[in-house]
Structure formats: C-alpha cells, structure tokens
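Okay, structure first, notes after.
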Amino acid sequence: MKKVISVILVFAMLAVLPLSFSSCKAINDSISEVRAAFDRHLEGTTLNVYNWGEYISDGMDETLDVNAAFEKLTGIKINYVTYDSNEVMYSKMKSGSVSYDIVIPSDYMIERMIKENMLQKLDFSKISNYDLIDAKYKDLYFDEKNEYSVPYNVGMVALIYNKTMVNTTPDSWEIMWDPQYKGKVLQFDNSRDGFMIAQMLEGVDLNSTDKADWDKAADRLRALHDNLKGYVMDDVFQEMEGGNAAIAAYYAGDYLTMKDKNDDLEMVYPKEGTNIFVDSICIPANAKNVEAAHMYINFMLEPEVALANAEYLCYATPNTSVLENEEYSLADCEELYPKNADAVKTEYYHDLPDEIRTYYEKLWLQIKGE
C-alpha cells in the first residue's frame with residue numbers, strides 16, 4: 001500500500017521539491033501555555049548559552065526543542081555551545097577569550113566561580129518561576145543565600161555495567177579493579193569524578209585538604225590502569241550503548257538514556273558511597289545580554305519546558321511542577337528517586353584551596369600518563 005501511495009505522490013513531490021527537503025520533518029518548537037510573562041522587546045538580539053553536552057531537550061525523537069521554542073516565543077536568537085566537564089568550562093571562561101550569557105556548572109564549581117567573581121548576582125524579580133524550585137534545593141552550601149544560581153538538575157554518580165559481560169551483580173566500586181575485566185572498564189575523563197571512586201573505596205573525605213589522602217587515592221587509581229579501556233566523558237554513550245565496554249562509572253541520569261538504547265545495561269549505587277550533585281543555571285559576570293539571560297532562566301523553569309527537560313535528560317528534577325505532574329513518566333524511577341534514599345551514602349564536592357586543587361590535578365595527569 002505504501003508503494004502505491006508513493007507513486008501517486010511522486011509528481012506532487014517533484015512540483016514542490018525545493019521545499020520538501022527543508023520541511024520534511026516538523027520541529028516541535030512551541031509550548032501550549034506559559035506561566036510567566038514573556039515579550040519580544042529583545043527580538044533580534046543573541047543569547048550565548050554554554051551548557052553540558054546532551055543536557056537539554058533538543059527536538060530529537062519528537063521531543064520539545066527547548067531552544068527553538070524560546071527563540072519562537074521571544075525572537076531572541078540562541079548561540080548554543082557545549083562542554084563535557086566543569087573543568088573544561090572553567091578553563092575556557094577563565095581565559096577571558098569568550099563571553100557567555102548563560103552557563104550551567106555543578107555545585108563545587110559554582111562555589112569556586114563565586115569566589116573568583118566569575119558570576120553575577122541574579123535579579124529574582126525577573127525570575128517569577130523561581131517559586132517552583134523545591135525548597136530542599138535552596139540554601140545549599142555553594143550558594144547559601146540563593147543569589148547566583150537556579151537549580152537545573154540533580155544527580156548521582158552510578159556504577160553502570162553490562163549484564164551480559166559482568167557475571168555478578170556488583171555492589172562495590174571494587175569491581176572496576178577485578179582482573180577479569182582487563183581492558184573493559186571506562187573511567188571518567190575528569191579529575192574530580194575520577195578521584196571520587198578511589199576516595200570512596202579508601203574511605204577518604206572527598207574534600208580532604210590532606211595531600212596524603214590524595215596520594216592514597218592516586219595509588220589506587222594507578223592500579224586501575226591495566227583494566228581501563230579508556231577515559232571518557234560524552235563518548236561513554238557510544239561505548240556502553242554499543243556493548244564495547246563492560247563497566248563504566250557515570251551519571252545515573254545518563255544511564256537511563258543508555259539503557260534505552262541497550263537493555264543489557266544495569267546500574268547500582270555502590271555501598272561505599274557516591275557523589276551527589278546539583279547543576280544550576282548562572283549568569284557569568286561578563287555576560288553581554290543579561291536581560292535575555294534572566295528571561296531564558298525563567299523560561300527553563302516553565303512547567304512544560306521543565307517537564308520536557310526532565311523526560312529527555314532523565315535526571316532528577318528540582319522543579320515541583322514536574323514532580324506534581326501526573327504525566328511525568330519518571331516519577332517512580334528508582335534510579336532517580338530511590339525509595340531507600342537514606343541508604344545511599346552521598347557526599348557533595350566542595351571547592352578546595354588552590355594548593356590542594358593544583359596538587360590533585362598534577363597527580364591526575366601523572367595517573368593518565370600525560
């Protein structure tokens with residue numbers, strides 16, 4: 001039947017050929033209603049957004065294209081650039097060679113950027129949707145007075161494994177060192193998350209200022225070398241979805257995205273403990289389009305937008321409108337909202353003194369052989 005219809009339509013397609021390639025796939029770029037007031041007085045201006053890779057609903061698989069929806073609603077053009085770690089983002093911004101209007105760092109990096117005057121205080125009179133942020137994600141250590149940041153996503157680091165390649169149900173980070181998985185383990189390609197795994201195994205404070213503690217964790221990481229297939233960030237998706245590695249330490253929200261592509265994947269929160277983090281939206285001190293940035297933050301908190309992001313990204317949400325929405329499909333997801341949450345040992349990263357940060361970064365380069 002499809003072939004017959006195709007023959008009938010071929011002449012009509014030829015008649016509109018120049019248009020058919022540009023409009024063959026509709027973009028979901030509209031939301032049905034908005035809670036806050038938005039206008040177009042900044043139409044024609046550009047908003048520079050710097051965000052993690054794979055970290056916004058982008059229209060794939062008929063999801064809402066959040067940036068396109070914002071552009072359609074306000075007339076503001078978005079220049080969207082991505083990074084794959086807090087450290088990469090920080091280095092680029094610290095160089096002073098670029099200027100962004102929106103950035104979405106993790107908690108400890110926000111703490112550091114505030115100390116170094118790299119972020120500006122927000123005008124909450126322009127963020128009317130801020131009341132939708134759950135109170136438990138306000139007054140946190142990195143922004144105690146809620147002046148510089150608006151929570152975006154919440155997550156924890158998980159141990160992800162392929163059940164067809166791992167012959168047990170692991171409960172410890174220790175499995176990454178098991179000799180039978182030589183060449184089949186993926187490690188974070190950023191120092192803080194990489195050290196965290198060894199620190200948890202060694203019973204070391206993630207925010208220790210004792211160099212001996214970092215040396216102990218470094219020794220543990222050196223012993224992991226033979227088991228590693230590689231150091232990864234966003235490329236973990238391809239590796240785990242494709243069944244190219246047996247084990248990876250990565251963010252639980254991203255695990256759900258991977259499992260959607262490869263049902264052989266499973267995850268656990270190791271018994272030794274793990275990192276919990278809050279990524280938040282901020283405006284850099286050198287932002288050029290500050291008013292548009294506030295408008296963008298308010299838009300990101302819109303119930304329909306926040307729901308689209310929560311569903312697409314598969315991270316825990318700090319937005320109460322999503323948690324109360326009956327259409328939210330992940331509300332009962334154990335990986336994001338463990339029923340035994342108190343049994344999962346978690347610890348936040350904090351910003352550390354320059355001396356300690358320099359010390360562990362040097363160790364990290366040595367571990368990687370760089």
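Look at (1) crowded, with 22+ Cβ neighbours inside 10 Å; (2) closer than 24 Å to residue 70 by Cα; (3) over 19 Å from the mean Cα position of the chain (by Cα) and you find that residue 299 fails only one, number (3). Look at segment 131-143: where a residue is in the same structural domain as residue 320 (by TED's automatic domain parsing) and a partner is loosely packed, with under 12 Cβ neighbours inside 10 Å, sitting 6+ places away or on another chain with Cβ atoms under 9 Å, you get 139/145. The set of residues from segment 188-217 being more than 20 Å from residue 346 (Cβ to Cβ) and buried (at least 21 other Cβ atoms within 10 Å of the Cβ) comprises just one member, 214. Within segment 59-79, count every residue that is in contact with a strand residue (DSSP E or B) (Cβ under 6 Å, 6 or more places away or on another chain) and modelled with pLDDT under 95. Here the count works out to 1. When the criteria are applied in full, residue 270 meets the requirement of being buried (at least 21 other Cβ atoms within 10 Å of the Cβ) and touching a Pro at 6+ places or on another chain (Cβ under 9 Å). Restricting attention to segment 114-152, the residues being assigned to a loop (DSSP other than H, G, I, E, B) and of a type in the set (A, V, I, L, M) number 4.
No other residue among 254, 226 is buried (at least 17 other Cβ atoms within 10 Å of the Cβ) and touching a helix residue (DSSP H, G or I) at 6+ places or on another chain (Cβ under 9 Å) apart from 254.
For segment 246-263, the set of residues classified as touching a Gly at 6+ places or on another chain (Cβ under 7 Å) and either free of Cβ contacts under 8 Å to residues at least 40 places away in the same chain or charged (D, E, K, R) (or both) is empty.
Does at least one position in segment 197-217 carry a residue that is out of contact with any Cys (no Cβ under 9 Å at 6 or more places or on another chain) and either under 30 Å from residue 125 (Cα atoms) or at pLDDT below 95 (or both)? No, the conditions are met nowhere in segment 197-217. For segment 131-166, the tally of residues that are under 21 Å from residue 101 (Cα atoms) and either of a type outside the set (Phe, Trp, Tyr) or over 20 Å from the mean Cα position of the chain (by Cα) (or both) stands at 7. Here 90, 130, 83 are screened, and the one residue that is hydroxyl-bearing (Ser, Thr, Tyr), under 22 Å from residue 322 (Cα atoms) and surrounded by fewer than 23 Cβ atoms within 10 Å (Cβ to Cβ) is 130. Residue count for segment 313-344 satisfying the condition of being assigned to a loop (DSSP other than H, G, I, E, B), aliphatic (A, V, I, L, M) and closer than 19 Å to residue 157 by Cβ: 3.
The set of residues in segment 196-221 being more than 18 Å from residue 175 (Cβ to Cβ) and assigned to a helix (DSSP H, G or I) consists of 211, 212, 213, 214, 215, 216, 218, 219.
The values are calculated or read from the model by the stated rules, or taken from the named source; none is laboratory data. Just so it is clear, the model here is predicted, and its values are computed rather than measured. Here the Cβ is made from the backbone with ideal geometry for all residues, glycine too, and neighbour counts use every protein chain on show.
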